[in-house]
Amino acid sequence: MRDEIDAIEARGASLIIIGNGTPEFARAFREDLDLAGTILVDPELLSY
């Protein structure tokens, strides 16, 4: 995933990840994959 993020950022864009989990899950996801950037959660599934 890191290579894809680097390619996106090289084009001047930013990756925003939106998940349906909890904020705690998003924090663990970020730490497990060593991600920087924006991770949003939508536990009520309002964006789906």
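Values in this text are rule-based calculations from the coordinates and carry no lab data. These numbers were taken from a predicted model, which means no experiment stands behind them. Glycine also receives a Cβ, built like all others from the backbone with ideal geometry; neighbour counts cover every protein chain displayed.
Around the Cα centre of the stretch 2-41, unit charges on the Cβ atoms of Lys, Arg, Asp and Glu (plus for the first two, minus for the last two) sum to a dipole of about 160 debye.
Considering helices alone, the calculated mean residue ellipticity of the chain at 222 nm is -12000 deg cm²/dmol, with DSSP H runs of length four and up weighted by -39500 (n - 2.57) and normalised per residue. Database remark: amide H of Gly21 closer than 5 angstrom to the amide H of Asp42 (H placed geometrically; neighbours at sequence offset of 5 or more, or on other chains; Pro and chain starts carry no H). Couplings for the stretch 41-47, taken from phi via the Karplus curve 6.51 cos²θ - 1.76 cosθ + 1.60 with θ = phi - 60°, read 10, 9, x, 8, 6, 5, 8 Hz in order; Gly and Pro are left as x.
Relative contact order for the chain using alpha-carbon pairs under 8 Å, separation at least 6, rounded to a whole percent? Walk me through the intermediate numbers first.
Working: 44 pairs, mean separation 18.9, N = 48.
This gives 39 percent for the chain.
Near Gly37, once Lys and Arg are set to +1 and Asp and Glu to -1 for all other residues with Cβ below 9 Å from its Cβ, the sum equals 0.
Using every Cα-Cα pair within the chain, state what percent have a distance larger than 11 Å.
Across the chain, Cα pairs with separations above 11 Å total 69 percent.
Rounded to the nearest 10 degrees, the inclination of helix 23-33 to the longest alpha-carbon principal axis of the chain is 30 degrees.
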